[in-house]
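Written below as C-alpha cells is the structure these notes are about.
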Amino acid sequence: MLTTVGLEVHVQLDSKTKIFCGCRIQFGGAPNSRTCPVCLGLPGALPVLNRRVFDLGLRAVLALSGTISKKIKFDRKNYYYPDLPKGYQISQWDCPLGRGGFVELDSGKKIRLNRAHLEEDAGKLIHDQSPDTSLVDLNRAGTPLLEIVTEPDLENPAEAYEYLSHLKTILKAVGVSECDMEKGQLRCDANVSVRNAASDPLGKRVEIKNLNSFKAVKAALEFEVTRQTEAFEKGVALTQETRLWDDKLQKTFSMRSKEEANDYRYFPEPDLVPFTVSEEEIKTARAEFSKWELPRQKKERFAKQYGLSDYDACLLSGQDDVALFFEETVKLSKNAKAAANWIIGPVFAYLGSKGVTLNQTKLTANHLSKIYQLVEKGRMSFQAAKDNVFAEVIANGLDPETVMKEKHLEQVSEDGALIEWIAEVMQANPKVVDDFRSGKPSAAQFLVGQVMKKSKGKANPGKAKDLLLIKLKEI
Amino acid sequence: MGSLDLRHIARLSRLHLTDAEIKFFETQVAQILSFVDQLKAVDVEGVEPTSHPLSLCNVFREDEIKPSILLEEFLKNAPRAKGPFFEVPKIIESHS
C-alpha cells in the first residue's frame, strides 16, 4: 500500500498587532479585552492590512524558495460559526501571497509547496463552562496567519514529522514566527489517503484536524494509515471526510458537522484593495533575510568550521538553543569535538529522559566546558564526570569543580594509592593474575576494571593500567 | 436556473426555511440571478479582471498598537453575554 500525505500549516506571524486592526496580539489575558469594531466585525468597520504582516509573509515565502505572486488580493471565505464574528474569514483564494517553493528533508528529497497565503485567525469557543451554551472569546480573532500548503509529496508519517521540524526551524531562523506550538502559533491539518499502487488514482482523501503537536501529527497519520489500509483490504469503501484527532484516546473520529460545510463561496474582499510587490521590494526582502542563517547553511557551516560529521552537524544545528549553546561552549574551551560529544551524548540523554529543552535546564556553556576540561586535565575520570558530576551540574546549576571535590571524585594519579589498590586486586584475583602470566594479555583489562571499582572510579585508568602491567610482570 | 439549490444555500447560511418559503424565495433568487446574468452578454475579451472598483493599490497601516474598546461597551450590543464572554447556543463537536 502507498500512503500520500499533504500538510496545511498555519503559522502565526510575529507582529505586535492584529492583521487588519491595531489590537494588540498577546497570548492569554482577560477575555475579549483586545477587540475593536474591526475584529468584532461590527457594521461599517473597515480592515486595513498590517504592513509588517505582509513583509513577514514575503520573507517566509522567499525563505522557502517560493515565488511572490504578481497580483495579491484578499477574498472572503464564507461560513457560519460563532467564533467567526463577520460570518466570513478574510483569506486569499486565487491570488495568494506566494506559490511554489520547497522544504528539503535530510535525505535530500524536496517536499514541494503549493502555496502560502495570508489570513486572519478566528476567535475561541469555550464549551465547558455551562451545560447548554458556549462562550466566545474574540481576543484571537484577527491574529495574522500564514497558511503554508504542501503538494501531496509526503509518503509516510515520519516524513510528515521531519517536514514540520524543518519548516519550523526555517521560519524561526528568519524571524517570521516564534512557532510556539503550546501557544498555538503553529498549527497543522493533515490530508491523508492510501492506494494500492502508484499507477492507481489517489485514494479518498481524509482531512485530520486538531493536531496540536508534531507527535500528534505523526500518531494521527499512523492511526489513519492503518485504519484506511484495513478498510481497503476488507473492501470497505472509504469516504472523503474530516476527522478529529483525540490525543487522549489516540484515535481519529469522524466530524459529521463538517460534512457539507466545504462550500465556502469565496469572492473578492471589497474592503481591501489589491497588492503588488515590485522587484525592488523583493530585493529588499531578500537582503533582509540574508542576514539570517538558514538551517541548511548553519548545518554546512558547523560541519566545515568544527570538523563535524554531517550527522553531528545536523543534530547540533537543528535547534536554536542547542546551536547557540554549542558555539558558546566551543568558544570557551576551543575543543569542538569534546563539546559535540558531550552535547550529543550526556546532554541529549538528559533532555530526552526529562522531556525538557536545553533552555529549561540550568546548564551553562561555562559549566559544560569546565566538566570536560577537568577530564582532559586528568583531574577526574570521564566515567565520574558523566555519572556523578554532570547530573548535579545540569539539574542544579552547580560548579563542576565544587561538585567533584564535594563528592571526592578527584582522580587519584599518585603511585602510592594506586599501588595499594592494585596489590589488593591482585591478591583477591590470583587466578586472573595467573591467566595473564600464562599468556592471556586480555586478563589485564579485567584487573584494571577491578582497580577502578575498588577506587570507586577515582583511579586514573591510564596510570592504573601502566602500574598494573609493571606489577604483573614483576615476578 | 435549474441548478439553484436554495435549500443548500439556506443551510450554509443557517437559515431554517419552510417548504413554502423555499418556493417563494426560489422564484425571487432566480429572478435576481437572471438579472445579473445579463452581464454575461458583455464582451470582456482582452479586459484585465478587476477585483476592486478603486484604482488604489498597496494600502497599509503600520504595526502600531491602538487602544482596544471597552468590554462593557460592546457587550451591551450582544444578544447574550456571560461575564466577559459572548454567549451562544451550545456548539458541540462530538465524536461519531
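The values are calculated or read from the model by the stated rules, or taken from the named source; none is laboratory data. A quick note: this is a predicted structure, and the numbers were derived from the prediction, not measured. Here the Cβ is made from the backbone with ideal geometry for all residues, glycine too, and neighbour counts use every protein chain on show. Side chains included, ligands, DNA and RNA excluded: accessible areas come from the protein's heavy atoms. Shrake-Rupley method; radii C 1.70, N 1.55, O 1.52, S 1.80 Å.
What to note about this one:
- Among the candidates B:Val36, B:Val47, the residue that is away from chain A (no Cβ under 14 Å) and out of contact with any helix residue (DSSP H, G or I) (no Cβ under 7 Å at 6 or more places or on another chain) is uniquely B:Val47.
- Criterion applied to A:Asn460, A:Asn429 was being open to solvent by less than 50 Å² (accessible area, probe 1.4 Å) and either of a type in the set (Val, Ile, Thr) or more than 46 Å from the chain's Cα centre (by Cα) (or both), and the one residue passing it is A:Asn429.
- Matching entry among A:Leu467, A:Leu409 (being open to solvent by less than 40 Å² (accessible area, probe 1.4 Å), among the hydrophobic types (A, V, I, L, M, F, W, C) and not in a helix (DSSP H, G or I)): A:Leu409
- Residue check for B:Glu87: more than 30 Å from A:Leu97 (Cα to Cα) and either out of contact with any Phe, Trp or Tyr (no Cβ under 8 Å at 6 or more places or on another chain) or surrounded by 10 or more Cβ atoms within 10 Å (Cβ to Cβ) (or both): yes
- Failed criterion for A:Thr133 (all others in (1) within 13 Å of chain B (Cβ to nearest Cβ); (2) of a type in the set (Ser, Thr, Tyr); (3) open to solvent by 10 Å² or more (accessible area, probe 1.4 Å) hold): (3)
- Only one of the numbered conditions (1) closer than 30 Å to A:Val38 by Cα; (2) of a type outside the set (Asp, Glu); (3) surrounded by 13 or more Cβ atoms within 10 Å (Cβ to Cβ); (4) more than 10 Å from every other protein chain (Cβ to nearest Cβ) is not met by B:Asn58, and that is (4).
- Within region A:62-104, the only residue that satisfies the criterion of being within 9 Å of another protein chain (Cβ to nearest Cβ), assigned to a strand (DSSP E or B) and surrounded by fewer than 19 Cβ atoms within 10 Å (Cβ to Cβ) is A:Asn78.
- Only a single item in (1) part of a loop (DSSP other than H, G, I, E, B); (2) in contact with a Ser or Thr (Cβ under 8 Å, 6 or more places away or on another chain); (3) at pLDDT 95 or above is not met by A:Thr4, and it is number (1).
- The criterion of being in contact with a Pro (Cβ under 9 Å, 6 or more places away or on another chain) and either surrounded by 18 or more Cβ atoms within 10 Å (Cβ to Cβ) or on the phi < 0 side of the Ramachandran plot (or both) does not hold for A:Phe436.
- Exactly one residue out of A:Arg59, A:Arg52, A:Arg112 is under 20 Å from A:Ala173 (Cα atoms), open to solvent by 10 Å² or more (accessible area, probe 1.4 Å) and within 11 Å of chain B (Cβ to nearest Cβ), and it is A:Arg52.
- The combined condition, being within 11 Å of chain A (Cβ to nearest Cβ) and modelled with pLDDT under 90, is fulfilled by B:Leu75.
- Residue that is modelled with the lowest pLDDT [pool: residues in region A:370-395 that are surrounded by fewer than 22 Cβ atoms within 10 Å (Cβ to Cβ) and among the polar types (S, T, N, Q)]: A:Gln383
For (1) in contact with a Lys or Arg (Cβ under 9 Å, 6 or more places away or on another chain); (2) within 13 Å of chain B (Cβ to nearest Cβ); (3) among the hydroxyl-bearing types (Ser, Thr, Tyr); (4) open to solvent by less than 30 Å² (accessible area, probe 1.4 Å), each residue gets a yes or a no:
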{"residue": "A:Asp121", "(1), (2), (3), (4)": "yes, no, no, yes"}
{"residue": "A:Ile126", "(1), (2), (3), (4)": "no, yes, no, no"}
{"residue": "A:Asn139", "(1), (2), (3), (4)": "yes, yes, no, yes"}
{"residue": "A:Leu145", "(1), (2), (3), (4)": "yes, no, no, yes"}
{"residue": "A:Asp153", "(1), (2), (3), (4)": "yes, no, no, yes"}
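- In the set (1) farther than 21 Å from A:Tyr311 by Cα; (2) of a type outside the set (A, V, I, L, M); (3) in contact with a helix residue (DSSP H, G or I) (Cβ under 6 Å, 6 or more places away or on another chain), A:Glu328 fails one condition alone, (1).
- Looking at A:Val38, A:Val11, just one residue is among the β-branched types (Val, Ile, Thr) and within 13 Å of another protein chain (Cβ to nearest Cβ), and that residue is A:Val38.
- Only residues that are without any contact (Cβ under 8 Å) to a residue 60 or more places away in the chain and among the basic types (Lys, Arg) were counted across region A:1-23, and they come to 1.
- Restricting attention to region A:412-426, the residues being buried (at least 21 other Cβ atoms within 10 Å of the Cβ) and of a type in the set (Gly, Ala, Ser) number 0.
- Figure legend. Inter-residue proximity from region A:170-182: first residues at pLDDT 90 or above, second residues of a type in the set (Val, Ile, Thr), beta-carbon distance below 8 Å, spacing 6+ or different chains. Indicated pairs: A:Ile170/A:Val103; A:Leu171/A:Val11; A:Val176/A:Val11; A:Ser177/A:Val11; A:Cys179/A:Val11.
- Test: residue in region A:158-166 that is in a strand (DSSP E or B), open to solvent by 20 Å² or more (accessible area, probe 1.4 Å) and in the same structural domain as A:Leu56 (by the TED database): no
- Any hit, region A:87-98, residues being within 25 Å of B:Leu12 (Cβ to Cβ) and in contact with a helix residue (DSSP H, G or I) (Cβ under 6 Å, 6 or more places away or on another chain): no
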